[in-house]
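Take a look at the structure set out below.
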Amino acid sequence: MIPADAPAWPEFDDDVASAPSTRDLAALAVLADDLTALDYTVDGVEALLGAAAYAALGRDQLVPALLACRRLADGGSESGDGARAIPVLLWLLGETVTEQELGQAFPRTGVAGLEQLRLIEHAADSAGGSTAERTAEDTADHPAGSTAGTPAVTDPVTDPARERRWRAAVELRPYGSDVGGSLWVASDLGSEQRPGPLRHDHVLGIGGASLTLARTVMRTPVGRALDLGTGCGIQAFHLLAHAGHVTVTDISDRALAFARFNLLLNASALDIDPHRPGPRVSLRRGSLLEPVRGEEFDLVVSNPPFVITPRTGSPGRAYTYRDGGLAGDAIVSTLVRELPGVLAPGGSAQLLGNWEITEGTPWDRRIRTFVPPGVDAWIIQREQLTPVQYAETWLRDAAENRDREAYAASFAAYLDDFAARDVEGIGFGSVWLRRPRKPSDLVRVTLEEITHDIEQPVGPHLAAAIGRSDWLAAHTEQAATGVGIADEFLLVAEDVTEERHQRPGAEHPGVILLRQGAGLRRTTLLSTELAGFVSTCDGDLTAGQIAGALAMLLDRPDAAFTSELLLDVEQLVREGFLLPAP
Ligand SMILES: C[S@@+](CC[C@H](N)C(=O)[O-])C[C@H]1O[C@@H](n2cnc3c(N)ncnc32)[C@H](O)[C@@H]1O
């Protein structure tokens, strides 16, 4: 029998003073009750703020939400909306609230409970208002619970006219996911809620890249999964919906503390026993694959700290959430090379990354060399930036563009760093790797650039593509015995349309295109014979029969015509324009 007050993960102390506390599991359960009662969910916050203010908040424009919340909070709490505005003001907008407002909104947890959980701290300015003068260092130097170094807070007992005010110590955001309904995710406050440069051990909330990876992962049920570089734990939450067990790792104690808090706060939605989480989740501290060496996983996901940052000789200045501490794109090359080593047979890894593109070479030349022999790989480049665009993006990301001189020096450091390696472009995209089930399995390495908008979540479409590729590989293996795809019946996918372009008066179309409306939304150019093939794919004739009929029609009885046509047909299957008939 595990005592109710036993720590969830005894190997981790609750000693990260600048992260939420997980010491008191009962307090976490009570907080979850309060948050549920406040309908602090994505839908609840949208309904409270109204669609326009909510959408503005998504663009980091806080003012409309602030006006709406203040109106609700100041207008009395008869409808309960005044109380519902309090967590939004506090944790999404970075505003201060009064002790009374907090007490009413969180009747079960209470102000003391929120403070004990390290979710709130005394506001430096007891008169309230904006948090604009604060800097990130406030929290670093004076962790939650400590008021040392901050201006004295007015004590309401001695000065009842001025009520004590509180501000968020962290961000606590509702997250609507396909996992277990609504979750709450704690992370560090962003620069729009707490102006000034981010602290260097900033724990990222759910950002654009987090969502990109979450939508890219193929959600096939698996036994053991690994979330490498977990941060606030967002990838682990998704993994817990389709993995029996998830191991999360991070180099940062603060990140692991936030992940612990989030896992336990959402224990019921994530199907975790907070008193005994081990059978579902384990946590490891350490760099890259070091904490899991010698183990095997069915699925590894990672949104690693892939940002290429100039080595300035002062590692303390790097941002842990985005800078893995290695030169150039070495984080990504290391992971692509080494991840297959922790995959179980048939297991796969999915990660995001940046890679350098050396002057005068195709984008895929370098990244191709990262893929070790004997593994399947599919690398999709989604975007390519110049060194100037890259420096601009990442200096803005960490709010480092405030001090003009420092900004110029950092910008120059980025450009010098890229120039030193003859880098003319930086690619961004996703990497999928798979260890074959048996060493004799055929492997395929595909690198492609897809920069247009694709359907999200794209994971199911990627999984279907892998399924088709495996189906083709099985036929290629059988082709030696004369079977191949020639005996298969094929159908045109539901989302595919054909587009013909013809000069006015011309007898035949000059261009025939096939377009996908869903998934990767590919467009492909068809030859006349391939267009003829596709138009006949209604499941009545086998691929071989259609190819034979076309050969006769076009008076091309040579075997090369048929085999080349069937190779093109295979590519249409691989890309999802044609599907094996069920
Ligand atoms: C970009 S954040 C991703 C966080 C989260 N997984 C997500 O998808 O939003 C990268 C995470 O990797 C961690 N990290 C940085 N260097 C690392 C290393 N060498 N090994 C493992 N994790 C590292 C950071 O602390 C951070 O939490």
Taking 7 Å along the Cα-to-C-beta vector as the label spot, tell me the Ala419-Gln502 distance in nanometres, rounded to one decimal. 5.7 nm
Stretchable slack from Thr386 to Ile450, in nm (0.36 nm times residue separation minus alpha-carbon distance): 21.3 nm
In degrees rounded to 10, the 0-90 angle between helix 404-420 Cα long axis and the longest Cα principal axis of the chain is 30 degrees
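Taking neighbour Cβ counts within 10 Å as the exposure measure, how do Glu359, Glu171 sort from fewest upward?
Values: Glu359 11, Glu171 23.
So the ranking, lowest neighbour count to highest, is Glu359, Glu171.
For region 421-497, what Kirkwood radius comes out of the mean inverse Cα-Cα distance, in Å? Can you show the working numbers first?
On the way: mean 1/r = 0.0629 Å⁻¹.
15.9 Å is the Kirkwood radius here.
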Rounding to the nearest 20 debye, state how big the charge dipole of the chain is about its Cα centre with +1 on each Lys and Arg Cβ and -1 on each Asp and Glu Cβ. 500 debye
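Net charge near Arg435: determine it from the other residues with C-beta under 15 Å of the C-beta of Arg435, scoring Lys and Arg +1 and Asp and Glu -1. Numbers along the way, then the final one.
Values: positive: Arg224, Arg337, Arg434, Arg437, Lys438, Arg444; negative: Glu295, Glu296, Asp298, Glu338, Asp376, Asp441, Asp470.
Computed value for this residue: -1.
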From zero up to wherever the largest Cα-Cα distance of region 258-393 sits, split into 5 Å bins and tell me the percent of pairs in each. 2, 8, 15, 18, 17, 15, 12, 8, 4, 1, 0, 0
Could you point to the residue in Phe533, Leu567, Thr497 farthest towards the positive end of region 470-580's charge dipole, with +1 and -1 charges on the Cβ of Lys/Arg and Asp/Glu respectively? Thr497
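Estimate the FRET efficiency between Ala47 and Arg556 by the formula 1/(1 + (r/R0)^6), using the beta-carbon distance for r and 41 Å for R0, to the nearest 0.05. Working shown, then result.
Numbers: r = 64 Å, r/R0 = 1.56.
After rounding to 0.05, the efficiency reads 0.05.
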Please give the helix 387-397 orientation as an angle from the longest Cα principal axis of the chain, in degrees from 0 to 90, rounded to the nearest 10. 30 degrees
Taking a ≥ b ≥ c as the square roots of the Cα gyration tensor eigenvalues, with a/c under 1.5 meaning rounded and otherwise prolate when a/b beats b/c, else oblate, which class fits region 470-580? oblate
The helix 559-574 Cα axis meets the longest alpha-carbon principal axis of the chain at an angle in degrees, between 0 and 90 and rounded to 10, of 10 degrees
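By its C-alpha gyration tensor, with a ≥ b ≥ c as the square roots of the eigenvalues, how is region 387-447 shaped: rounded for a/c under 1.5, else prolate for a/b larger than b/c, else oblate? Let's see the in-between values first.
Details: a/c = 4.64, a/b = 2.85, b/c = 1.63.
Because a/c hits 1.5 or more and a/b exceeds b/c, region 387-447 counts as prolate.
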Work out, step by step, the length gained on full extension between Arg59 and Ala549: first 0.36 nm times the residue separation, then minus their alpha carbon distance; give nm to one decimal. 170.8 nm
Placing +1 on the Cβ of each Lys and Arg and -1 on the Cβ of each Asp and Glu in region 442-563, which of Leu513, Ala473, Thr542 has its Cα farthest towards the positive end of the resulting dipole? Leu513
Below 8 Å between Cα atoms, with a sequence gap of 6+, how large is the relative contact order for region 314-437 in percent? 42 percent
Mind putting a number on the dipole of region 470-580 about its Cα centre? Charges go on the C-beta only, +1 for Lys and Arg and -1 for Asp and Glu, and I need it in Debye to the nearest 20. 420 debye
List the relative contact order of the chain as a percent without decimals, with contacts defined as Cα pairs under 8 Å and 6+ residues apart. 10 percent
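For the chain, what is the Kirkwood hydrodynamic radius in Å, using each pair of distinct C-alpha atoms? Walk me through the intermediate numbers first.
Details: mean 1/r = 0.0375 Å⁻¹.
It works out to 26.7 Å.
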Semi-axis lengths, Å, region 36-100, gyration tensor of Cα atoms, sqrt of 5 times eigenvalues: 17, 13, 11
Descending packing, highest mean Cβ count within 10 Å first, for 436-442, 250-256 is 250-256, 436-442
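Values in this text are rule-based calculations from the coordinates and carry no lab data. This is a predicted model, so every value here is computed, not measured. So basically every Cβ, Gly included, is an ideal-geometry build from the backbone, and we count neighbours across all protein chains shown.
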